[in-house]
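What follows is a short report on a single structure.
The values are calculated or read from the model by the stated rules, or taken from the named source; none is laboratory data. Treat the numbers as computed from the prediction; the structure is a model and nothing was measured. Counting neighbours? That spans all protein chains shown, and the Cβs are built from the backbone with ideal geometry, glycine included.
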Amino acid sequence: MTIVLVVLAVAVVAAGAGAWAALAARRSRDRAAAGRARILFPIVGRALSRPALDAALRIARAENATLVACYLAPVPLHLPLDAALARECELALPLLEAIEQAATAAGVASDTRIERGRTYRHALLELIAHERYDQIVVAAAPEGAPGFTAADVAWLLHRAPGEIVVLRPGDEGPGRRPLAAAAA
Amino acid sequence: MAAGVGKTYRMLQEAQAEAEAGRDVVIGYLEPHRRPATAIQAEGLAVIPRRRVTYRETTLEEMDLPALLERAPELALIDELAHTNAPGLEHAKRFEDVQDVLEAGIDVFSTVNVQHLESLNDQVAELTGVRVRETLPDAVLASADEVVIVDLTPQALIERLRAGKVYPPERVPAALNNFFRAENLAALREVALRQVAERVEAHRLPRESNVRRDDRIAEQAAPQAVGERLLALITPEPRSQRIVRRAWRSAQRLGGELDLLWVSSSDRPAAAEEREQLEALRRLASVLGAHLLIEPGEDVVDGAARVARERGTTYLLMGVPHPRGALARLARPDLVDRLLRELPGVDVRIVADRAKRPKEDR
C-alpha cells in the first residue's frame with residue numbers, strides 16, 4: 001500500500017513538473033515573441049522575386065526579428081473599401097503560404113497579412129496606422145514591372161516611420177523562378 | 001470628349017448613386033458653368049466651399065484642398081482635372097491635388113476633355129486648329145481605376161449649344177465658328193472613342209489571361225446540393241493566419257461560408273500582442289468575407305460545439321493543439337477527441353504547418 005502511494009505521489013510530482021516546464025517554456029516563447037522586432041515586407045502583384053525574399057529573410061534572421069509579409073490588395077473603385085476581395089485573395093494566399101514556408105525553413109519567425117486600399121500606398125498607410133513595425137523592407141520593381149516604383153519608394157521614405165530598406169531589383173538567377181509561379 | 005457633352009452632369013449622376021448607396025460623398029470642386037440641370041443634379045450633396053485667391057488684383061476661386069483633406073469623405077468630386085491652379089497654392093495643377101486626395105484614401109470622380117491629354121495635344125491641334133494650353137499627363141488617366149466616356153454626336157452637341165445649354169447666348173456664335181464646328185467635334189469624338197477603346201483592350205487582355213482553368217470550372221459548376229459551412233478555431237497568434245488561409249481555401253472549394261471562432265477566456269485581460277493579432281485577424285476576415293466570432297468561455301470545446309450547432313457547421317478546422325502535460329491529459333481527454341464526440345456529423349481537419357514536412361515528401 002505504501003509503495004503504491006509513493007509511486008502515485010512520484011507520478012503526480014513528475015506530471016506536475018512536466019506541466020510546469022511546458023507552461024514555463026510557452027511563457028518564455030511568448031515573451032521572446034512579444035519583445036521581438038517586427039519587419040514589414042510588403043508585396044504587390046502576382047509574383048515575388050526570390051532574391052528579394054531571401055534578402056528579407058536574411059535581414060530578419062540577423063535582427064532576430066519577425067518577418068511580417070503583407071500582400072497589398074487594391075480595391076477597385078466600383079467596390080466599397082471594406083469589400084471582400086476573393087480574386088485578390090486567390091493570388092495572395094499561395095504567395096503568403098510560400099513565404100511562411102520559406103521563413104520556417106530559414107528559421108525565421110513570420111506572420112502574414114493582407115491589407116486593402118484604393119492604391120498600394122493607401123493600403124500601406126492603413127497597415128502602418130494599425131500596427132507597429134520597426135523596419136520596412138521593400139523590393140523595388142524593375143522598370144515597367146508591377147511593384148514599388150522609385151516614386152513609391154520616395155513616398156515611403158517620406159511617410160513611413162522607422163527604418164526602410166530598399167532592395168534593388170536583381171536577376172532571378174539561373175533556375176530561380178519568381179515565388180508565385182512556384183507556389184501556384 | 002468636349003465641353004458641353006455632359007461630363008459634369010454624368011459625374012454628378014454617378015455621385016448621387018454612390019450617396020444613395022450610403023457612401024459619404026462630397027463636392028470638392030464643381031464647375032456648373034451656370035447650367036441649371038447640372039446645379040439641380042448637385043443638390044443634396046455636401047460641398048466644400050471654395051477658397052478665394054487673389055492673383056494680380058483678380059480674385060479667383062479654387063478648390064480648398066486642405067479643407068477637403070480635413071473633411072476626409074469616402075468620395076470626392078473634383079471637376080476639371082486638367083485645370084491649372086492659381087499661383088501660390090499647394091500644387092500648380094489640379095491633378096496633383098487629386099493625387100494628394102487619393103493618397104489620403106479618398107476616392108475621386110473627376111472630369112477631363114480628351115483634348116487635354118498630353119499625348120493627344122499635337123494631334124488635336126492639327127485636327128482642330130486649336131492648341132489647348134492646359135494639359136494632363138497620360139499617366140494620370142492611365143492610373144484611373146475606371147474611365148467612362150461621355151459620348152454625344154456632333155449634331156446633338158451643336159444643338160445643345162444653340163439651345164443655350166452649354167454657354168450663355170452671347171458666346172454661342174463665336175463657339176460655333178471656332179471650336180464647335182461639326183468637323184472638329186467629329187474628330188474629337190473619334191480620338192476620344194479610340195482612346196477609351198485602347199484602354200479597354202489593355203485592361204481586358206491581362207484579366208482574361210488571369211482566369212484560371214479551375215475558376216472557369218468552378219463558375220460552371222452546379223450549386224452545392226447541401227450548403228457547407230466551415231468553422232475555423234483560432235487564437236490571437238500568428239499561426240492562426242495560416243489556419244484562416246487554409247480554411248478560406250477549403251470554403252472556396254466547397255462553396256461554403258466561413259466562420260472564425262476564438263473562445264476567449266475571461267480569466268486575464270488580453271495582452272497588447274494578442275489585441276494586435278486579433279485586430280489583424282479581424283481585418284483578414286473582412287478581406288476574405290469570413291465572419292469573426294468571439295465567444296467568452298473557459299472551454300474551447302463547449303464554445304465550439306455551441307457555435308457549430310447554432311450556425312449549422314459542417315466542417316471544422318483547427319491548428320495542431322499545443323502539447324499538454326501528462327497531468328492535463330489524465331484530467332481531461334484530448335481536445336480533438338472531445339470535439340469529435342461533441343460534434344457528431346461534423347468533419348474535423350487539423351491544419352498542419354507544411355514547412356515542417358520532411359524534405360523528401362515535398
Go through (1) within 14 Å of chain A (Cβ to nearest Cβ); (2) in contact with a helix residue (DSSP H, G or I) (Cβ under 7 Å, 6 or more places away or on another chain); (3) touching a residue at least 60 places away in the same chain (Cβ under 8 Å); (4) of a type in the set (G, A, S) one by one and return the number of the condition B:A15 breaks.
(2)
Quick one: count up the residues across the stretch A:153-184 that are at pLDDT below 85 and acidic (D, E).
2
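Being more than 12 Å from the chain's Cα centre (by Cα), at the interface with chain B (Cβ under 9 Å from one of its Cβ atoms) and buried (at least 19 other Cβ atoms within 10 Å of the Cβ) narrows it down to one of A:L85, A:L77, so name that one.
Numbers: A:L77 fails: buried (at least 19 other Cβ atoms within 10 Å of the Cβ).
Exactly one residue qualifies, and that residue is A:L85.
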Restricting to the stretch B:258-272, name every residue that is surrounded by fewer than 18 Cβ atoms within 10 Å (Cβ to Cβ) and either in contact with a helix residue (DSSP H, G or I) (Cβ under 6 Å, 6 or more places away or on another chain) or within 12 Å of another protein chain (Cβ to nearest Cβ) (or both).
B:A271, B:A272
Just wondering, is there one or more residues in the stretch A:132-141 that are touching a residue at least 24 places away in the same chain (Cβ under 8 Å) and at the interface with chain B (Cβ under 10 Å from one of its Cβ atoms)?
yes
Residue under evaluation A:P42, criteria (1) modelled with pLDDT of 75 or more; (2) out of contact with any Cys (no Cβ under 6 Å at 6 or more places or on another chain), criterion not met:
(2)
Test A:R26 against the criterion of being closer than 21 Å to A:G147 by Cα, assigned to a helix (DSSP H, G or I), within 11 Å of chain B (Cβ to nearest Cβ) and modelled with pLDDT under 90, and give yes or no.
no
Counting only strands (runs of 3 or more DSSP E) entirely within the stretch B:32-134, those with at least 1 residues that are without any contact (Cβ under 8 Å) to a residue 40 or more places away in the chain are B:51-55, B:58-62, B:107-110
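Pick out, from the stretch B:140-211, the helices (runs of 4 or more DSSP H) lying fully within it that include 3 or more residues that are at pLDDT below 75 and charged (D, E, K, R). Explain how you work it out, then say what you get.
Numbers: elements: B:154-162, B:172-177, B:182-210.
The qualifying helices (runs of 4 or more DSSP H) are B:182-210.
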Kindly indicate the residue of the stretch B:273-308 that is in contact with a helix residue (DSSP H, G or I) (Cβ under 8 Å, 6 or more places away or on another chain) and among the small types (G, A, S) and also nearest to the other protein chains (Cβ to nearest Cβ) among those meeting that condition.
B:G289
Residue match in the stretch A:104-120 (condition: more than 8 Å from every other protein chain (Cβ to nearest Cβ) and hydroxyl-bearing (S, T, Y))
yes
Conditions first: (1) out of contact with any His (no Cβ under 9 Å at 6 or more places or on another chain); (2) over 17 Å from B:R246 (Cα atoms). A:P74 passes all but one, so which condition is the exception?
(1)
